[in-house]
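Notes for the one structure printed next.
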Amino acid sequence: MWGDFLAKIMHIADLHLDSKLNELDDEKSEIRRSEIKKSFENAINYAKKENADVILIAGDIFDNEFASDQTVEFVRKTLSGNENVFISSGNHDPYISRFYKKLEEEKNIKIFKNAIECVELKDKKLRIYGRGFEAGEINEPLLKGFRAPDDDFINIMVLHGEVTGADSIYNPISISDISESNLTYLALGHTHTFSQIQKAGNTFYAYSGTHEGHGFDECGEKGFIFGNVEKDSVDLKFIPNEIRQYKTVEIDISDCEIIEEITEKIRKEINGKDLFKIILTGYRNENIIINDAVIKNSLDAFFVKIYDRTKLKCDFEKMKNEKNLRGVFVKNVLNDTTDENRELMEKVLEKISEFF
């Protein structure tokens, strides 16, 4: 309808560089922080290699006061030399932070501030809009009432906020505001999971999610969005880019008779690269003691955290014949229990039998 103009874009967000990694010890935290920076560098190099017209960063590059001057300089150098970089700061890194004074030294970097601004790339028939966070909270809906011109330009906005039907302290964005914006694409930050490419009215929008997981609440593939935006359509894809993934795995150990069999089951489910939360389930024998240190020492993995959610395997008929206090207790409870509440009492016995 409007011609053959298109923009090749990269959309990335929520890097949280130098953030605290509470699950990890100091050594592994340093390794992960370095990897998270390297992953960002890999993403920017991808954009360079693929000749992206613009790089959109939708906030939370840095993580509050945790970001070091060295990391700020790393970001500046990583972004230097790219054609056009547009940043809308987020609730963790408001544009008034010291971080952005350094980045503003680069002529190719545009940092949006406390009003919706527009940069026109006339040779591409492209407008880039954005607005940043001035503080950690924004209660007002920044997109409300905005509408891009209805002409032959491609209209893109980069914005940090929360698409929600309720109030939010992080720039609440409604579906109706997106639909009425007349944008071709809205590049969002704040949610750490890739949202898939969505559409409201004629406007496409998405969260790229974070580019690297920072904890077990951010499991699975992480990366960025890359592709083409035309006036009336998009061809955008999620590009996995993480160096390591956080993964949660449940393992039923009901058929294990010794701790070594449990360790072997875990070994088959993990690799040496990623970070694992192992949840042990099922029934365990009385002679098995779940010892985290013993299990971890036998595994080849960057990081493993073990949660014991197993239940004690109890032979109550055998227990009631024991010549000890537990046998007397079990016999009395089972004899006095009706069919209706026997199941409940067995659960109680299962718990307290460990103390006899």
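The values are calculated or read from the model by the stated rules, or taken from the named source; none is laboratory data. Note that the structure is a prediction, hence the values are computed from the model and not measured. With ideal geometry, Cβ positions are generated from the backbone for all residues, glycine too; neighbour counts draw on all protein chains shown. When the accessible area is computed, the model is the full protein with side chains, heavy atoms only, and any ligands, DNA or RNA have been set aside. Shrake-Rupley method; radii C 1.70, N 1.55, O 1.52, S 1.80 Å.
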Considering only residues of region 228-239 that are within 16 Å of K199 (Cα to Cα) and touching a residue at least 60 places away in the same chain (Cβ under 8 Å), which is most open to solvent (accessible area, probe 1.4 Å)? D232
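From the list G215, G272, G220, exactly one residue is touching a residue at least 12 places away in the same chain (Cβ under 8 Å) and open to solvent by less than 10 Å² (accessible area, probe 1.4 Å). Which is it?
G215
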Hey, could you check region 196-212 for residues that are of a type in the set (G, A, S) and in contact (Cβ under 8 Å) with a residue 24 or more places away in the chain and say which is farthest from A58 (Cα to Cα)? A200
Conditions first: (1) of a type in the set (D, E); (2) surrounded by 13 or more Cβ atoms within 10 Å (Cβ to Cβ); (3) assigned to a loop (DSSP other than H, G, I, E, B). D152 passes all but one, so which condition is the exception? (2)
Among the residues in region 287-297, are any in contact with a Leu (Cβ under 8 Å, 6 or more places away or on another chain) and open to solvent by less than 30 Å² (accessible area, probe 1.4 Å)? no
Within region 79-94, track down each residue that is without any contact (Cβ under 8 Å) to a residue 60 or more places away in the chain and open to solvent by less than 30 Å² (accessible area, probe 1.4 Å). L79, N82, V85, D93, P94
Subset of region 59-73, residues open to solvent by 20 Å² or more (accessible area, probe 1.4 Å) and either under 17 Å from G132 (Cβ atoms) or not in a loop (DSSP other than H, G, I, E, B) (or both), comes to N64, E65, F66, D69, Q70, E73
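For E212, state whether it is of a type in the set (D, E, K, R), at pLDDT 95 or above and touching a helix residue (DSSP H, G or I) at 6+ places or on another chain (Cβ under 6 Å).
Against the criterion (of a type in the set (D, E, K, R), at pLDDT 95 or above and touching a helix residue (DSSP H, G or I) at 6+ places or on another chain (Cβ under 6 Å)), E212 qualifies.
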Search result, residues across region 119-135 that are open to solvent by 60 Å² or more (accessible area, probe 1.4 Å) and within 15 Å of P149 (Cα to Cα): E120, K122
Taking the options R76, R98, R33, name whichever one is open to solvent by 20 Å² or more (accessible area, probe 1.4 Å) and over 28 Å from A115 (Cα atoms). R33
Just wondering, is there one or more residues in region 311-323 that are open to solvent by 60 Å² or more (accessible area, probe 1.4 Å), of a type outside the set (D, E, K, R) and modelled with pLDDT under 80? yes
Which ranges mark the strands (runs of 3 or more DSSP E) fully within region 186-251 that have 3 or more residues being within 20 Å of F40 (Cβ to Cβ) and under 20 Å from the mean Cα position of the chain (by Cα)? 223-230, 234-240
